[in-house]
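Colleague: Just dropping this structure here.
The values are calculated or read from the model by the stated rules, or taken from the named source; none is laboratory data. Worth saying up front: this structure is predicted, and the values here are computed from it rather than measured. All Cβ positions, even for glycine, are placed from backbone atoms using ideal geometry, and neighbour counts span all protein chains on display. When the accessible area is computed, the model is the full protein with side chains, heavy atoms only, and any ligands, DNA or RNA have been set aside. Shrake-Rupley method; radii C 1.70, N 1.55, O 1.52, S 1.80 Å.
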Amino acid sequence: MLDLKSHIRTIPDYPKEGILFYDIGTLLAHGPAWRETIERLAAAVAPVKPEFVVGVESRGFLVGASLAAHMGIGFAMVRKKGKLPGKTIAKSYALEYGEDTVEMQEGVVAPGSRAILCDDLLATGGTAAAAIALARQAGLDIVHAAFVIELDFLNGRTRLDVPLTSLLHYAE
């Protein structure tokens, strides 16, 4: 079993001073490590029998689409407002300073389908909680959430009302 943490690069003071950024770019660049990441996530979520993976822009697209393809199931995108063509449904949510909105395309998913939310990183949980609410608004039954990385010290999991899997944990 590969040490996936050894393939995560940390970048201090990005995107702003005082933030330590956990970059999956180096994980993506290592084929065997990326394959093992997707295989581990698939093994963790297979018992809930999802029919869709919902991925959050933008690195969640990489993780979620890879996971969906590996499992042979559908993939749906959650993007920032104004980035998807056609009719969309939207969910606004509070940020530390202000508000943001995420959207999904109407008519892409089959209402009632079992789905999981997928992203590269769980921090405070605000975006993940909004994406879960939006997916439910689209008619999906979100039964699990899956992340490559979880920043445990930010307690983001407390904002989510579904079981979740995180492969890598960081205490600070």
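Colleague: Exactly one of (1) more than 19 Å from Ala146 (Cα to Cα); (2) exposed (fewer than 13 other Cβ atoms within 10 Å of the Cβ) is unmet by Tyr93. Its number?
Modeller: Of (1) more than 19 Å from Ala146 (Cα to Cα); (2) exposed (fewer than 13 other Cβ atoms within 10 Å of the Cβ), only one is false for Tyr93: (2).
Colleague: Looking at Phe21, Phe61, Phe52, Phe75, can you tell me which residue is in contact (Cβ under 8 Å) with a residue 60 or more places away in the chain and of a type outside the set (S, T, N, Q)? Full working, then the answer.
Modeller: On the way: Phe21 fails: in contact (Cβ under 8 Å) with a residue 60 or more places away in the chain; Phe61 fails: in contact (Cβ under 8 Å) with a residue 60 or more places away in the chain; Phe75 fails: in contact (Cβ under 8 Å) with a residue 60 or more places away in the chain.
The match here is Phe52.
Colleague: Would you check which residues across region 17-49 are outside any helix (DSSP H, G or I) and closer than 15 Å to Leu168 by Cα and list them?
Modeller: If the condition is that a residue be outside any helix (DSSP H, G or I) and closer than 15 Å to Leu168 by Cα, then Phe21, Tyr22, Asp23, Ile24 are the ones that fit.
Colleague: Here is a further query. Just the residues that are in contact (Cβ under 8 Å) with a residue 60 or more places away in the chain and open to solvent by less than 30 Å² (accessible area, probe 1.4 Å), please, taken from region 24-43.
Modeller: Result: Ile24, Leu27, Thr37, Leu41.
Colleague: Of the numbered conditions (1) of a type outside the set (Ser, Thr, Tyr); (2) surrounded by 17 or more Cβ atoms within 10 Å (Cβ to Cβ); (3) under 19 Å from Asp23 (Cα atoms), Phe153 satisfies every one except a single condition; which is it?
Modeller: Going through the list (1) of a type outside the set (Ser, Thr, Tyr); (2) surrounded by 17 or more Cβ atoms within 10 Å (Cβ to Cβ); (3) under 19 Å from Asp23 (Cα atoms), Phe153 breaks only (2).
Colleague: Taking into account only those residues within region 4-19 that are open to solvent by less than 80 Å² (accessible area, probe 1.4 Å) and at pLDDT below 95, which is nearest to the chain's Cα centre (by Cα)?
Modeller: Restricting to residues being open to solvent by less than 80 Å² (accessible area, probe 1.4 Å) and at pLDDT below 95, the top hit is Ile19.
Colleague: Name the residue that is nearest to Gly25 (Cα to Cα), counting only residues in region 163-172 that are without any contact (Cβ under 8 Å) to a residue 60 or more places away in the chain and buried (at least 16 other Cβ atoms within 10 Å of the Cβ).
Modeller: Step by step, filter region 163-172, then rank; the result is Ser166.
Colleague: Look through Met1, Met77 and report the one residue that is of a type outside the set (S, T, N, Q) and at pLDDT below 95.
Modeller: Numbers: Met77 fails: at pLDDT below 95.
Going through Met1, Met77 in turn, just one is of a type outside the set (S, T, N, Q) and at pLDDT below 95: Met1.
Colleague: Also, quick follow-up: On the phi < 0 side of the Ramachandran plot, touching a residue at least 24 places away in the same chain (Cβ under 8 Å), over 15 Å from the mean Cα position of the chain (by Cα) and buried (at least 20 other Cβ atoms within 10 Å of the Cβ): is that true of Ala138 in this structure? Even if it seems obvious, please write down each step before you answer.
Modeller: Numbers: on the phi < 0 side of the Ramachandran plot: yes; touching a residue at least 24 places away in the same chain (Cβ under 8 Å): yes; over 15 Å from the mean Cα position of the chain (by Cα): yes; buried (at least 20 other Cβ atoms within 10 Å of the Cβ): yes.
Against the criterion (on the phi < 0 side of the Ramachandran plot, touching a residue at least 24 places away in the same chain (Cβ under 8 Å), over 15 Å from the mean Cα position of the chain (by Cα) and buried (at least 20 other Cβ atoms within 10 Å of the Cβ)), Ala138 qualifies.
Colleague: Does Leu84 satisfy being among the hydrophobic types (A, V, I, L, M, F, W, C), in a loop (DSSP other than H, G, I, E, B), surrounded by 14 or more Cβ atoms within 10 Å (Cβ to Cβ) and at pLDDT 95 or above? Spell out the reasoning first.
Modeller: On the way: among the hydrophobic types (A, V, I, L, M, F, W, C): yes; in a loop (DSSP other than H, G, I, E, B): yes; surrounded by 14 or more Cβ atoms within 10 Å (Cβ to Cβ): yes; at pLDDT 95 or above: yes.
Yes: the conditions hold for Leu84.
Colleague: Are there any strands (runs of 3 or more DSSP E) wholly within region 95-171 with 2 or more residues that are under 23 Å from Val48 (Cβ atoms) and out of contact with any helix residue (DSSP H, G or I) (no Cβ under 8 Å at 6 or more places or on another chain), and if so which? Steps first, please.
Modeller: Values: elements: 98-105, 114-122, 141-151, 164-170.
Output list reads 141-151.
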